[in-house]
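Data first, discussion second: the structure below is written as structure tokens.
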Amino acid sequence: MSNIKKRLSAERRFKFYGQVGVFLSLLFVSLLIIKIFSTGSGAFFRTTIETDIFFDPELMNVDQNSSDKEISRASFEKLADGVIDFNFKNLSEDEFIKIREMYTRRFDYQLRDYFLKNKEVINNTVTLEISASSDLDQIVKGNYPRNVPESQRKINDYQLTILDELTSKEKIGSTFNFWFFTNGDSRDPETAGILGAIMGSLYALMICLVFSFPIGLFASVYLEEFTKPGKMTDLIEVNINNLAAVPSIVFGLLGLGMLIGVFNMPFQVPLVGGLTLGFMTLPTIIIACRSSLRAVPPSIRHGALALGATKVQTTFHHVVPLALPGTLTGTIIGMAQALGETAPLLMVGMVAFVMEIPGGPLDPATGLPSQIYLWSESAERGFIEKTSAGIMLLLLFLIVMNLAAILIRRKVEVKW
Amino acid sequence: MKKPFVTLLALVVSTLFAAESFARDQINIVGSSTVYPYGTVNAQRLGESGFKTPTYNPTGTGGGMKLFCAGVGVEHPDITGASRNMKASEAALCLENGVTNVIEVMWANDGITFSHSNTAEDFALTRKDIWKAMAAYVVVDGKIVENPYSSWNEIRSDLPDYKIEVLVAPPSSGTRDAFDGGVMEKGCELPEDREDDCVLYREDGRVIEMGENDTLIAQKLNEDNQRFGYFGYSYLKDNGDKLKAASVEGVLPTGETIASYEYPMARPLFIYLKADHIGVVPGIQEFAQMMASEEAIGDNGYLTKIGAAPMVPELISRVRNITDTLDPMGFSIESCANKEHPLKNAGYAFSGKLCP
């Protein structure tokens with residue numbers, strides 16, 4: 001009797017421990033997600049200042065008859081300066097500089113883009129939502145305190161007075177920050193975007209896939225279907241399993257030493273980054289492919305061979321197609337792992353300030369995780385929310401990829 | 001299944017060959033993470049003036065020198081940023097790899113701030129105090145002993161009773177080299193025959209090495225307001241609501257005290273240009289000219305605003321002359337390798353250990 005009591009209570013205890021474990025891990029994950037979302041969500045919105053703009057022909061080098069090409073080359077800086085004089089009358093030079101600093105540095109670009117689309121506005125006044133500078137944006141969002149002494153702030157007392165004046169006139173607004181998705185990196189946090197890093201990661205993953213999937217598939221087909229089990233295959237198997245557990249920085253060193261050192265490939269390009277990630281994912285893919293090939297029942301092979309098919313025909317007409325869903329799942333998981341890796345990218349130089357959006361695998365680029373790392377290192381307050389927003393995007397991509405892997409496994413995989 | 005494999009092989013081989021004949025029209029900068037904020041802002045301005053925006057790889061000064069000195073050719077970087085000047089060993093590496101034409105541009109000053117949390121008491125330190133707090137061996141009663149100090153008021157009784165804990169950068173950091181040269185060596189009390197031990201940090205857990213990540217150090221300083229850390233002035237300037245600097249020999253780091261070298265932990269910042277790449281990769285000279293221009297490093301310049309301190313007029317005009325004429329003005333990589341650096345006697349070097 002006492003024995004059963006003891007055993008039952010042991011079971012209850014074990015259940016309780018399990019629940020505590022699950023609860024704690026859920027708690028940590030949700031804390032992480034809440035932290036990232038609460039700091040990162042600000043990056044998707046940017047503060048704007050409602051500003052009256054008089055397109056004064058005297059301050060512009062172009063008119064409504066200018067071609068688009070001329071307009072895109074023209075400087076709108078004079079007009080931007082004129083706009084400030086137009087909205088805030090009688091400014092001293094110092095006040096002018098301070099107010100100009102409240103707007104984004106790329107004020108003139110915004111004017112130019114508007115003029116390109118609306119050439120008839122010349123000599124007219126329109127009201128536009130002009131983006132605020134990141135320092136002002138951070139004050140408005142409450143990420144930078146207002147109540148510290150002036151010398152410790154980047155926005156001074158005069159600028160705060162103007163800000164309060166604008167706020168009371170309801171001229172401070174907020175708009176969805178498209179720039180975050182359409183721009184490359186920038187040193188002005190308000191215009192910094194993640195597209196460059198996404199493209200860099202995309203090219204690297206493409207190269208990684210093209211390199212590691214066929215090699216991994218063929219290697220595993222050969223090992224599973226064409227070799228006889230023996231010491232040699234055991235040795236290879238042990239080595240592959242070992243390679244899968246090697247830290248990624250080692251593959252980064254391999255990429256640096258071999259691809260850049262021996263083959264003289266260029267630094268910081270997705271081609272090299274992708275090949276390095278490819279070295280890293282290769283063992284993972286081989287292991288996944290081998291286990292899905294092994295899951296194909298021998299009766300399929302025997303049937304094909306009995307009907308007179310050669311070994312190659314058996315393999316490529318029957319076994320490989322049947323194993324494909326499993327190999328795809330393994331590959332996608334390998335790719336997801338490669339997407340999140342920073343260390344190999346670091347070694348081949350794909351951690352850099354790259355403003356231009358890469359147009360191909362031979363353009364300098366940075367990857368998604370390395371962009372997050374670079375932003376986290378920056379001193380400007382505006383990059384903190386960008387860092388978290390970058391992490392959110394990375395998580396989203398990982399979730400999508402892992403979900404795809406699960407769906408493929410559910411829908412396509414054949415159950416024997 | 002066979003044909004795609006063959007085409008794939010062809011593709012891989014052809015990309016390999018494409019990489020061989022890879023030409024570049026985008027400047028590639030490597031080097032110091034202290035120069036990174038300035039170099040990238042300048043890069044962006046260069047991009048806005050019509051060139052392709054240069055890329056900047058923050059490898060640290062030492063790492064940058066290694067890459068920069070690896071050879072001439074588009075697969076090697078064009079410019080390296082440095083928060084100290086080139087060492088003799090690095091100059092020798094450059095010479096060995098055929099990088100013989102290097103132009104040194106000393107474009108601004110920076111101050112190493114010995115910072116802590118805003119919530120802490122103000123500290124007025126001397127370099128001697130800092131050395132005593134951080135060195136492995138110190139002199140107590142005329143004898144050399146392992147560092148016995150555990151709180152600042154043991155070093156000098158008028159300092160607050162804060163525990164000693166300093167977060168430092170890794171050895172690859174130029175800021176650390178400059179700190180070692182300018183603070184640890186200058187504040188050192190060890191006799192001459194033990195001079196080499198001046199820069200040894202204590203290893204009892206009171207000096208903690210962190211990665212080259214200022215944000216991380218700042219976060220750690222805020223977690224515990226008794227901790228100290230050092231970084232470049234620009235970082236402090238951007239985070240004035242959380243951090244403040246201790247005064248050193250009675251001087252607080254500001255743009256003015258750094259520019260005048262009144263602040264004892266001021267030091268020059270450099271970029272090095274690979275002269276053989278000028279004309280091959282467009283924009284290198286323009287990049288250097290912009291970086292040293294009045295618009296960038298003048299009183300209200302875009303680099304001054306984010307924390308760089310201007311140079312004294314006669315030095316900056318000399319530097320502008322260098323970027324205009326591309327004449328290294330007596331600095332040659334041989335002279336550095338032979339320890340005859342022309343700046344050695346200029347008196348503006350923070351470390352006093354140019355090309356050791």
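The values are calculated or read from the model by the stated rules, or taken from the named source; none is laboratory data. Please read these numbers as outputs of a predicted model, since none were measured by experiment. Glycine also receives a Cβ, built like all others from the backbone with ideal geometry; neighbour counts cover every protein chain displayed.
Does region B:145-153 contain any residue that is out of contact with any strand residue (DSSP E or B) (no Cβ under 6 Å at 6 or more places or on another chain), crowded, with 20+ Cβ neighbours inside 10 Å, without any contact (Cβ under 8 Å) to a residue 60 or more places away in the chain and in the same structural domain as B:Cys188 (by TED's automatic domain parsing)?
Yes, because at least one residue in region B:145-153 is out of contact with any strand residue (DSSP E or B) (no Cβ under 6 Å at 6 or more places or on another chain), crowded, with 20+ Cβ neighbours inside 10 Å, without any contact (Cβ under 8 Å) to a residue 60 or more places away in the chain and in the same structural domain as B:Cys188 (by TED's automatic domain parsing).
Hey, could you check region B:28-60 for residues that are polar (S, T, N, Q), over 19 Å from A:Pro358 (Cα atoms) and in contact with a Phe, Trp or Tyr (Cβ under 9 Å, 6 or more places away or on another chain) and say which is nearest to the other protein chains (Cβ to nearest Cβ)?
If we filter region B:28-60 for residues that are polar (S, T, N, Q), which is where we start, we get B:28, B:32-34, B:40, B:42, B:44, B:49, B:53, B:55, B:57, B:59.
Remaining after also requiring over 19 Å from A:Pro358 (Cα atoms): B:32-34, B:42, B:49, B:59.
Checking the rest, the ones that are also in contact with a Phe, Trp or Tyr (Cβ under 9 Å, 6 or more places away or on another chain) come to B:32, B:34, B:42.
Working: B:Ser32: 13, B:Thr34: 11, B:Asn42: 9 Å.
Among those residues, the one meeting the criterion is B:Asn42.
Is there a residue in region A:337-347 that is modelled with pLDDT of 90 or more, more than 27 Å from A:Ile249 (Cβ to Cβ), assigned by TED's automatic domain parsing to the domain that holds A:Val250 and touching a helix residue (DSSP H, G or I) at 6+ places or on another chain (Cβ under 9 Å)?
Checking region A:337-347: not a single residue is modelled with pLDDT of 90 or more, more than 27 Å from A:Ile249 (Cβ to Cβ), assigned by TED's automatic domain parsing to the domain that holds A:Val250 and touching a helix residue (DSSP H, G or I) at 6+ places or on another chain (Cβ under 9 Å).
Taking region B:74-118, which residues are among the hydrophobic types (A, V, I, L, M, F, W, C) and either in a helix (DSSP H, G or I) or within 14 Å of chain A (Cβ to nearest Cβ) (or both)?
Matches in region B:74-118: B:Val74, B:Ile79, B:Ala88, B:Ala91, B:Ala92, B:Leu93, B:Cys94, B:Leu95.
Give me the pairs, please: first residue somewhere in region B:302-328 and part of a helix (DSSP H, G or I), second residue anywhere and among the charged types (D, E, K, R), beta-carbon distance under 8 Å, and either six or more positions apart or on two chains.
B:Tyr302/B:Arg45; B:Tyr302/B:Glu295; B:Asn321/B:Asp327; B:Ile322/B:Glu104
Out of region B:271-294, which residues are surrounded by fewer than 24 Cβ atoms within 10 Å (Cβ to Cβ) and either in the same structural domain as B:Arg127 (by TED's automatic domain parsing) or of a type in the set (Val, Ile, Thr) (or both)?
Within region B:271-294, B:Ile278, B:Val280, B:Val281 qualify.
Across region A:117-144, what is the number of residues that are part of a helix (DSSP H, G or I) and without any contact (Cβ under 8 Å) to a residue 60 or more places away in the chain?
First pass over region A:117-144, keeping only residues part of a helix (DSSP H, G or I): A:117, A:119-121, A:134-140.
Of the ones still in play, those that are also without any contact (Cβ under 8 Å) to a residue 60 or more places away in the chain are A:117, A:119-120, A:139.
Residues that pass the stated criteria total 4.
Any residue that is of a type outside the set (Asp, Glu), in contact (Cβ under 8 Å) with a residue 40 or more places away in the chain and surrounded by fewer than 16 Cβ atoms within 10 Å (Cβ to Cβ) - is there at least one of those in region A:100-108? Spell out the reasoning first.
Just the residues of region A:100-108 that are of a type outside the set (Asp, Glu), to begin with: A:100, A:102-107.
With the extra rule that they be in contact (Cβ under 8 Å) with a residue 40 or more places away in the chain, the set shrinks to A:102-106.
Filter once more, so that each one left must be surrounded by fewer than 16 Cβ atoms within 10 Å (Cβ to Cβ): none.
No; the residues of region A:100-108 include none that is of a type outside the set (Asp, Glu), in contact (Cβ under 8 Å) with a residue 40 or more places away in the chain and surrounded by fewer than 16 Cβ atoms within 10 Å (Cβ to Cβ).
Only residues that are surrounded by 24 or more Cβ atoms within 10 Å (Cβ to Cβ) and aliphatic (A, V, I, L, M): list them for region A:266-286, please.
The answer is A:Val269, A:Leu271, A:Val272, A:Leu275, A:Leu277, A:Met280, A:Ile285, A:Ile286.
Looking at region B:119-133, which of the residues that are outside any loop (DSSP other than H, G, I, E, B) and hydrophobic (A, V, I, L, M, F, W, C) is surrounded by the most Cβ atoms within 10 Å (Cβ to Cβ)?
Start the filter on region B:119-133 by keeping residues that are outside any loop (DSSP other than H, G, I, E, B), which leaves B:124-125, B:127-133.
In the following step, the residues that additionally are hydrophobic (A, V, I, L, M, F, W, C) were identified as B:124-125, B:130-131, B:133.
Details: B:Ala124: 15, B:Leu125: 23, B:Ile130: 24, B:Trp131: 21, B:Ala133: 26.
So, considering only residues that are outside any loop (DSSP other than H, G, I, E, B) and hydrophobic (A, V, I, L, M, F, W, C), the one surrounded by the most Cβ atoms within 10 Å (Cβ to Cβ) is B:Ala133.
Among the numbered criteria (1) within 30 Å of B:Thr80 (Cα to Cα); (2) in contact (Cβ under 8 Å) with a residue 24 or more places away in the chain, which one does B:Tyr162 miss?
(1)
Which numbered condition in (1) within 13 Å of the chain's Cα centre (by Cα); (2) part of a helix (DSSP H, G or I) is the only one that A:Thr329 fails?
With respect to (1) within 13 Å of the chain's Cα centre (by Cα); (2) part of a helix (DSSP H, G or I), A:Thr329 is out only on (1).
Residues in region B:281-301 that are part of a helix (DSSP H, G or I) and more than 18 Å from the chain's Cα centre (by Cα): how many? Show your work before the answer.
Quick first cut of region B:281-301, residues part of a helix (DSSP H, G or I) only: B:284-291, B:294-297.
If we keep only those that are more than 18 Å from the chain's Cα centre (by Cα) too, we end up with B:284-287, B:289-290, B:294-296.
Of the residues in region B:281-301, 9 are part of a helix (DSSP H, G or I) and more than 18 Å from the chain's Cα centre (by Cα).
Within region B:65-73, is even one residue surrounded by fewer than 23 Cβ atoms within 10 Å (Cβ to Cβ) and not in a loop (DSSP other than H, G, I, E, B)?
Start the filter on region B:65-73 by keeping residues that are surrounded by fewer than 23 Cβ atoms within 10 Å (Cβ to Cβ), which leaves B:66-67, B:70-73.
Of the ones still in play, those that are also not in a loop (DSSP other than H, G, I, E, B) are B:66-67.
The answer is yes, given that some residue of region B:65-73 is surrounded by fewer than 23 Cβ atoms within 10 Å (Cβ to Cβ) and not in a loop (DSSP other than H, G, I, E, B).
Quick check, is A:Val296 within 14 Å of chain B (Cβ to nearest Cβ) and over 20 Å from B:Gly64 (Cα atoms)? Spell out how you get there, then give the answer.
Values: within 14 Å of chain B (Cβ to nearest Cβ): no; over 20 Å from B:Gly64 (Cα atoms): yes.
It is false that A:Val296 is within 14 Å of chain B (Cβ to nearest Cβ) and over 20 Å from B:Gly64 (Cα atoms).
Among the numbered criteria (1) surrounded by 12 or more Cβ atoms within 10 Å (Cβ to Cβ); (2) modelled with pLDDT under 85; (3) more than 13 Å from chain B (Cβ to nearest Cβ), which single criterion is violated by A:Asn90?
(1)
Give the residues of region A:307-322 that are part of a helix (DSSP H, G or I) and hydroxyl-bearing (Ser, Thr, Tyr), sorted by residue number.
Initial filter on region A:307-322 (part of a helix (DSSP H, G or I)): A:311-322.
Selection gives A:Thr314, A:Thr315.
Give region A:306-337 a look and list any residue that's within 18 Å of A:Leu209 (Cβ to Cβ), within 14 Å of chain B (Cβ to nearest Cβ) and among the β-branched types (Val, Ile, Thr), or say none.
Listed by number, the residues that qualify are A:Val320, A:Thr327.
Can you say whether A:Leu163 is crowded, with 20+ Cβ neighbours inside 10 Å and over 29 Å from A:Ile372 (Cβ atoms), as far as the supplied structure shows? Please lay out each step first, then the result.
Details: crowded, with 20+ Cβ neighbours inside 10 Å: yes; over 29 Å from A:Ile372 (Cβ atoms): yes.
Spelling it out, A:Leu163 is indeed crowded, with 20+ Cβ neighbours inside 10 Å and over 29 Å from A:Ile372 (Cβ atoms).
Quick one: in region A:221-235, of everything that is away from chain B (no Cβ under 14 Å) and surrounded by 15 or more Cβ atoms within 10 Å (Cβ to Cβ), which residue is nearest to A:Gly326 (Cα to Cα)?
Taking the candidates together, the pick is A:Glu224.
If you go through region B:295-310 one residue at a time, do you hit one that is modelled with pLDDT of 85 or more, under 29 Å from A:Arg153 (Cβ atoms), surrounded by fewer than 16 Cβ atoms within 10 Å (Cβ to Cβ) and of a type in the set (Gly, Ala, Ser)?
Taking every residue of region B:295-310 in turn, at least one turns out to be modelled with pLDDT of 85 or more, under 29 Å from A:Arg153 (Cβ atoms), surrounded by fewer than 16 Cβ atoms within 10 Å (Cβ to Cβ) and of a type in the set (Gly, Ala, Ser).
Within region B:171-213, can you find the residues that are within 14 Å of chain A (Cβ to nearest Cβ) and either aliphatic (A, V, I, L, M) or touching a residue at least 24 places away in the same chain (Cβ under 8 Å) (or both)?
Filtering region B:171-213 for residues within 14 Å of chain A (Cβ to nearest Cβ) gives B:172-173, B:175, B:210-213.
Answer for region B:171-213, where residues must be within 14 Å of chain A (Cβ to nearest Cβ) and either aliphatic (A, V, I, L, M) or touching a residue at least 24 places away in the same chain (Cβ under 8 Å) (or both): B:Ser172, B:Ser173, B:Thr175, B:Met210, B:Gly211, B:Glu212.
Those residues that are small (Gly, Ala, Ser) and in contact with a helix residue (DSSP H, G or I) (Cβ under 6 Å, 6 or more places away or on another chain), I need them from region A:41-87; list them, please. Walk me through how you get there before you give the answer.
Within region A:41-87, the subset small (Gly, Ala, Ser) is A:41-43, A:66-67, A:72, A:74-75, A:80, A:82.
The answer is A:Gly42, A:Ala43, A:Ala80, A:Gly82.
Only residues that are within 14 Å of chain B (Cβ to nearest Cβ) and either surrounded by fewer than 16 Cβ atoms within 10 Å (Cβ to Cβ) or over 16 Å from B:Glu48 (Cβ atoms) (or both): list them for region A:174-192, please.
Filtering region A:174-192 for residues within 14 Å of chain B (Cβ to nearest Cβ) gives A:183-192.
Answer for region A:174-192, where residues must be within 14 Å of chain B (Cβ to nearest Cβ) and either surrounded by fewer than 16 Cβ atoms within 10 Å (Cβ to Cβ) or over 16 Å from B:Glu48 (Cβ atoms) (or both): just A:Pro189.
Checking the structure you have, find out if any residue of region A:298-312 is surrounded by 16 or more Cβ atoms within 10 Å (Cβ to Cβ), basic (Lys, Arg) and assigned by TED's automatic domain parsing to the domain that holds A:Leu393.
Checking region A:298-312: at least one residue is surrounded by 16 or more Cβ atoms within 10 Å (Cβ to Cβ), basic (Lys, Arg) and assigned by TED's automatic domain parsing to the domain that holds A:Leu393.
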